[in-house]
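In what follows, a structure is listed as structure tokens, so that the remarks can point back to it.
The values are calculated or read from the model by the stated rules, or taken from the named source; none is laboratory data. Predicted, not measured: the structure shown is a model, and the values here were computed from it. No Cβ is skipped: glycine too gets one built from the backbone with ideal geometry, and neighbour counts run over all protein chains shown. Keep in mind that these areas ignore ligands, DNA and RNA; they rest on the heavy atoms of the full protein, side chains included. Shrake-Rupley method; radii C 1.70, N 1.55, O 1.52, S 1.80 Å.
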Amino acid sequence: MAQAASAMEAASSGISLIGVAKSFGGVAAVRDCTAEIPFGCITGIVGPNGAGKSTVFNLICGFVAPDAGRIVYRGENIAGLSPPQVFRRGIARSFQGVRTLRNLSVLENLLLGATAAKALSRVWLPFVTRKADEAAVPKAWQLLDELGLTEAANRLAGSLSYAEQKLLAIGRLMMADVDMVLLDEPLGGLDPNGIDGFIARIHSLVERGRTVCVVEHNLNAVRRMTDRVIFMADGTVQASGTTGEVLAREDLARLYLGVTAAKGSHP
């Protein structure tokens, strides 16, 4: 086990979780969690409710500190750093739901992502476009293109569809030079007819050099969206590998609230 952990810690890319543990009130939420989220692909974290998936996101991003273990990113142990410190190193997470500023334009929302990294006061929000660094404007337009929102640049964010607002929230994170994005249930609340389009946009971000990790319950979508999967149950990693390999295992399907792997359905 120590030899495997050392090999993971020596990896030059991605996030390595090595023996990470966290308890709340004596209840173990995460136990001896060892896994890797590599650069340049989409990794899914799946498992039954209470498996510890969102806690892993919170541990990586500094919202809670681990009781034990290491979280290594670009050769540095970031376990225990504050959320702003983790964010400045290029890692950010989204939360369930939408967190856009509805009364600002789509472009202004993106530019706010750039200025937020410099801790500008919210009092300057009405002047965000004028005050943004010159370099932020072309970057914002590039992201609008990647997200398929170019034509909506001057519309109020509140006028976008729910799926478009979710994409905008991701884009705002990426404006601050974030290259590793952790998405918590990104497909939650989406119209089933819009899921494929949303997945295509996430894929386009990875094709342009981004890295994405998702916690998601929709296993059909996980199959279409991810390259690799980390399967968690009872606070620990049960398996990890390519999406096809992991989700084909009947023993893991039984852990996932009786899901039948062959059908790929979800509760």
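Kindly state, to the nearest 0.05, the FRET efficiency for A65 paired with F95, given R0 = 22 Å and r defined as their beta-carbon distance. Could you put the intermediate results ahead of the total?
Details: r = 19 Å, r/R0 = 0.87.
According to the calculation, E is roughly 0.70.
Name the residues whose placed amide hydrogens come within less than 5 Å of the amide hydrogen of I45, ignoring near sequence neighbours (fewer than 5 apart) on the same chain.
It is V214, V215, E216, I230, by chain and number.
Would you pull out the residues with amide H under 5 Å of T236's amide H, same chain only if 5 or more places away, H placed 1.01 Å from N?
R31
Quick one: compute the contact order of region 179-240, relative version, from alpha carbon pairs under 8 angstrom and 6+ residues apart, as a percent.
Values: 51 pairs, mean separation 22.7, N = 62.
Taking the mean separation of contacting Cα pairs over the length of region 179-240, I get 37 percent.
Output ³J(HN,Hα) for region 168-175: one whole-Hz value per residue in order, computed from phi by the Karplus curve 6.51 cos²θ - 1.76 cosθ + 1.60 with θ = phi - 60°, and x for Gly and Pro.
Couplings: 4, 4, 5, x, 5, 4, 6, 5 Hz.
Would region 19-101 count as rounded, prolate or oblate if I go by the C-alpha gyration tensor, calling it rounded below 1.5 in a/c and otherwise prolate when a/b exceeds b/c, oblate otherwise?
Details: a/c = 1.34, a/b = 1.14, b/c = 1.17.
Here region 19-101 falls in the rounded category.
From the C-alpha gyration tensor of region 152-267, pull out the three semi-axes of the equivalent ellipsoid (sqrt of 5λ each), sorted largest to smallest, in whole Å.
Details: eigenvalues 165, 52, 27 Å².
Semi-axes (√(5λ), whole Å): 29, 16, 12.
Enter the accessible area per residue of region 153-225 (Å², integer; probe 1.4 Å; all protein chains in place). Spell out each step's value before the answer.
Values: 2720 Å² over 73 residues.
For region 153-225, the per-residue accessible area is 37 Å².
Over region 22-116, what relative contact order in percent results from Cα pairs under 8 Å that are six or more residues apart? Before the final figure, lay out the partial values.
Details: 69 pairs, mean separation 17.9, N = 95.
Across region 22-116, relative contact order equals 19 percent.
Rounded to a whole number, what % of the accessible area of region 146-267 do carbon and sulfur atoms account for, probe 1.4 Å? Could you put the intermediate results ahead of the total?
Details: 2410 of 5140 Å².
Using a 1.4 Å probe with all protein chains present, region 146-267 comes out at 47 percent carbon and sulfur.
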